[in-house]
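One structure is given below, represented as C-alpha cells, and several questions about it will come after.
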Amino acid sequence: MNLLNVSNVVKRFGGLVALNGVSVQVDRHELVGIIGPNGAGKTTLVNVIMGIYYPDSGRMMFNGRDITRMPPHRRVKLGISRTYQVPRPFSNMRVLDNVAVAAMHGAKELSVGEARGIARDILERVRLADKANLYPLSLSVTELRKLELARALAQGTKLVFLDEASAGLTGDELREILSVIEKIHDEGITIVMIEHVMKVIFNIAEKIVVMVNGEKLAEGKPTEISSDARVIESYLGRRWASV
Amino acid sequence: MTIAVILVSMMIGKYAEMIAITIMIFYIYSLAWSLVANTGMISLGHALFFALGSYAYGIFSLIYGINMISALFIGPIIGALAGLAVGFIAGRLRDWYIGMFTFALTPAGYALAVSDQLKPWTGGAVGFAPPAFSLSMSIWLPFSALLAFATYMIVFTIQNSRMGFALSAINDDEVAAATIGINTRLYKIIIFGISGYLSALAGAMFVSMYSRYISPEFFGYPDVSYNLWPIFYSIIGGMGTPEGVLLGTIILDPLTELARTVIGGPLALVTFGVLLAVVIIKTPGGIYGYVIKYFEAKSQMR
C-alpha cells in the first residue's frame, strides 16, 4: 500500500490554476524527487499536502487515512512534515529548543524534559550537536537546513518533504546536506525532495516526478526521466529535444 | 514572603500602602495582557476584561449577596468566558486587525454598561458602589501580594510548559508553528481565556481594595487609560518576562499615581507615551531587557 496517495488534486488562486489534476503516489521508504521549473506548482503541492491550503477538488490519503480537509497540525501528528525553502526557525529559541518544541507537539505529546532529550539525540544525528545552545541567528545556511531537518525528525515523522533543501549550496555544503538526507532515508524515513536543479536529485532519488505548469508531465526512474523528450523540451527548449 | 510584606506595610504609611496594593493589582493586569502579547496578539482592549471583572464582582456581591471573597474569584469567570469568545475571533485575525477588533470592544462594553436595559444591574452611567470588602483592611496588602505571587507562578508555569513553548513558537512564526504540529487557534483561545480571567481578577481587586466604586469608564471608554496601563507597564518594563513586567509596574504605577495627583491624568499619559517611544527605539526588550544585556556584556568582558 502507498504511504501517500494524492489523486487529481486541483488548486486555483483566482484565475490561476496552480495545480491542475495532479496525482502522485509515494511508497514507504521511497526517496522521491519532484522537479520542475519555477512556477510549476511544486511548492503549492507541498502546501496542499501539508494543509496550508485545501484543494478545490481531488483527494489525499496518508497511511490509509483521508487527509484532504484535515487541519495542518493533525497531519503532523499522523507523521507528515516538511522543511521550508527559506528556513523558518523560531528565532527566540535556542537550537535545542527549536527541535524540542517540534518533539513536544509531534506524533507523540512529550513533556519539556523528554523532548529536550530527544532533541539532543537528533541534533547528534544531523551533526548539529555542537550548536545546540546557540540561537538560529548565528547558524550558516547549511546549518539552518539541518535544523529544519532536525525539527521534522523530532516529530517522529514518517514522510518528510524537503523543499529545495539544496538551494544555494555548493561543493562541501551540498555534499554534507545530501549525506544527512541519505542517512535519515537509510534510517527508514520516506523522503520527497522538491528541487529545480536536476543533477542533485538524479543521483539519489528512486523515482522522479516532473511537474510543468501545474501538471504532472512525467514520472519514472531517473534514467527514464533523463531520456524523456518532453522533459528535455520543458527544461532546455524545443531545439534540444530534437537533437 | 507574606511576613515580609506585613512588616513592610507596618513600616510604611497608609498612602504608600495603597500604592503598593495598586502595584499588585496592576502587576496582575499587566501580566495578563503580556500573556496574550507574547502569543503575538496585541490587544488594545483589555479593559473589557478588567471592567467585566469589576462589574461581576460588584453585581455578584451586591445584588446576589454572594460572599465577597468568593465573588472576587467567581466574578472573573465572566472575564474568562469573554476572553474565550474574544480569543475565538482574535485567533482568526492577523496583526493589527487584532488590535482594531479588541479596541472596538471597549466602547461596546461601555455602551452595554450605561444602557437602560442593563441599568438595574450596572447602575447605568453613574455606576455603583459594592458593599465594603469583608477582609480586614490591614491584610489587603499581603492578600493582594499573595494573589500577585500566585499569578506570577501561573505565568511562570505556563511559560515553562509544553503550552509555553507552543505560545512562544506561535509568537515567532505562526505558520511554522502549525507545521510542527501546534494547534495554533486552540492555544490562542485558551491563552485569551486565561488572560481574561486574570485581567478580570485585577478589575475585581481594583474595586474591592482600591476604588470601592464601579464606573463604566473602567471599560476604557472614553478614558482609554484603562486599556493603556498594562501596555505601558509591560512594554516599558519588558513584556517578554514576568520580571520585566514587575519592574515596569513598580516603576510606573507610583508615577501614575503621582502624575494623577500632581499634573493630572491626561498629562501622565503624555509622559508615558514619550517614555514608551524611547524604550521601543532604544531597547525593544524593555528596561529589564536592557539591564540583563548590560550585565551579560559586563560579564563577558571579564
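Read-outs: derived from the displayed coordinates by stated rules, not from any lab. Please read these numbers as outputs of a predicted model, since none were measured by experiment. Every residue, glycine as well, gets a Cβ built from its backbone with ideal geometry; the counts of neighbours run over all protein chains shown.
Does anyone have the angle between helix A:141-154 and the longest principal axis of chain A? Alpha-carbon axes, 0 to 90°, nearest 10?
Long axis of A:141-154 versus the principal axis of chain A: about 80 degrees.
Based only on Cα atoms, what Rg/Rh ratio does the range A:119-221 have, Rh being taken as Kirkwood's radius?
0.99
Quick one: which of A:183/A:216; A:77/A:207; A:131/A:183; A:108/A:207 span more than 23 angstrom between C-alpha atoms?
A:183/A:216; A:77/A:207; A:108/A:207
Please identify, among B:22, B:256, B:106, the residue showing maximal mean-square fluctuation in a Gaussian network model of chain B using a 10 angstrom Cα cutoff.
Residue with maximal mean-square fluctuation among B:22, B:256, B:106: B:256.
Continuing with the same structure: When the gyration tensor of chain A is built from Cα positions, what are the square roots of 5 times its three eigenvalues, in whole Å, from largest to smallest?
30, 21, 15
Mind giving me the FRET efficiency for residue A:53 and residue B:89? R0 is 22 Å, r the Cβ-Cβ distance, nearest 0.05 is fine.
Efficiency, from the Cβ-Cβ distance: 0.50.
For the protein assembly as shown, report the translational diffusion coefficient in µm²/s to the nearest whole number, using Stokes-Einstein at 25 °C, 0.890 mPa s, and a Kirkwood Rh over Cα pairs.
94
Follow-up question, since we're still on this one. With r as the distance between the Cβ atoms of residue A:120 and residue B:18 and R0 = 51 Å, compute the FRET efficiency 1/(1 + (r/R0)^6) and round to 0.05.
0.50
Full extension from residue A:137 to residue A:223: what is 0.36 nm times the residue separation minus their Cα-Cα distance, to one decimal in nm?
Once the chain is fully extended between residue A:137 and residue A:223, it gains 26.9 nm.
Moving on to the next point. Taking other Cβ within 10 Å of each residue's Cβ, how do A:121, B:223 sort, fewest first?
Ordered by Cβ neighbours within 10 Å, fewest first: A:121, B:223.
In straight Cα distance, which lysines are under 28 Å from residue B:282, not counting same-chain residues fewer than 8 positions off?
B:293, B:298
Taking each pair of distinct Cα atoms in chain B once, what is the resulting Kirkwood hydrodynamic radius in Å?
Evaluated over chain B, this radius sits at 19.6 Å.
Something else now. Within straight cross-link reach of residue B:188, meaning Cα distance under 17 Å, which aspartates and glutamates are found once same-chain residues fewer than 8 apart are removed?
Once the sequence-local aspartates and glutamates are set aside, what remains near residue B:188 is B:95, B:172, B:173, B:174.
In a Gaussian network model over chain B where Cα atoms closer than 10 Å are linked, find which of B:28, B:191, B:69 has the largest mean-square fluctuation.
Largest GNM mean-square fluctuation: B:69.
Across the residues of B:180-190, average count of Cβ atoms on other protein chains within 10 Å?
Across B:180-190, the average partner-chain Cβ count within 10 Å equals 6.
Another one. May I ask you to give the average projected area over all directions of the convex hull of the Cα atoms of the range A:6-78, in nm² rounded to one decimal?
5.0
Would you mind giving the average projected area, over all directions, of the Cα convex hull of the range B:96-156 in nm² with one decimal?
Reported value for the Cα convex hull: 7.1 nm².
Take the range A:80-157, drop everything but the C-alpha atoms, weight them equally and run the Debye formula without solvent; then report log10 I(q)/I(0) at 0.18 Å⁻¹ to two decimals.
-0.59
D for the range B:88-207, whole µm²/s, Stokes-Einstein with Kirkwood Rh over alpha-carbon pairs at 37 °C and 0.692 mPa s: what number?
Answer from the Stokes-Einstein relation: 188 µm²/s.
Same structure again: Is it possible to state the helix-based mean residue ellipticity at 222 nm for chain A, with each DSSP H run of 4+ residues giving -39500 (n - 2.57), the sum divided by total residues, to the nearest 500 deg cm²/dmol? What is it?
-11000 deg cm²/dmol, from helical runs alone.
If you don't mind, there's one more thing I want to ask. In percent, what relative contact order does the range A:80-157 have, based on Cα pairs under 8 Å that are 6 or more apart in sequence?
Relative contact order here is 48 percent.
Rounded to the nearest 500 deg cm²/dmol, what is the calculated helix-only ellipticity per residue at 222 nm for chain B, with -39500 (n - 2.57) per DSSP H run of length n ≥ 4?
-24000 deg cm²/dmol
Another one. For the range A:73-115, run through the trypsin sites (Lys or Arg not before Pro) and keep only the ones in DSSP coil with at most 14 other Cβ atoms within 10 Å of their Cβ.
For trypsin sites (Lys or Arg not before Pro) across the range A:73-115 that sit outside H, G, I, E and B with at most 14 neighbouring Cβ atoms in 10 Å, the list reads A:108.
Given R₀ = 56 Å, what would the calculated FRET efficiency be for residue B:250 paired with residue A:206, taking r from the Cβ atoms and rounding to 0.05?
Calculated value: 0.30.
If I require 27 Å or longer along the helix axis, counting alpha carbons, and a Kyte-Doolittle average no lower than -0.5, what helices from chain B are left? Use full DSSP H segments.
Long hydrophobic helices here: B:14-37, B:96-114, B:140-159, B:184-206, B:242-262.
Round to the nearest 10 and give me the degree value, 0 to 90, for the angle of helix A:112-125's Cα axis relative to the longest principal axis of chain A.
Between the helix axis and the principal axis of chain A, the angle is about 60 degrees.
Run the numbers for residue A:109 and residue A:179: contour at 0.36 nm per residue of separation, minus the present Cα-Cα distance, in nm.
22.2 nm
Given an 8 Å cut-off on Cα distances and at least 6 residues of separation, report the relative contact order of chain B as a percent.
32
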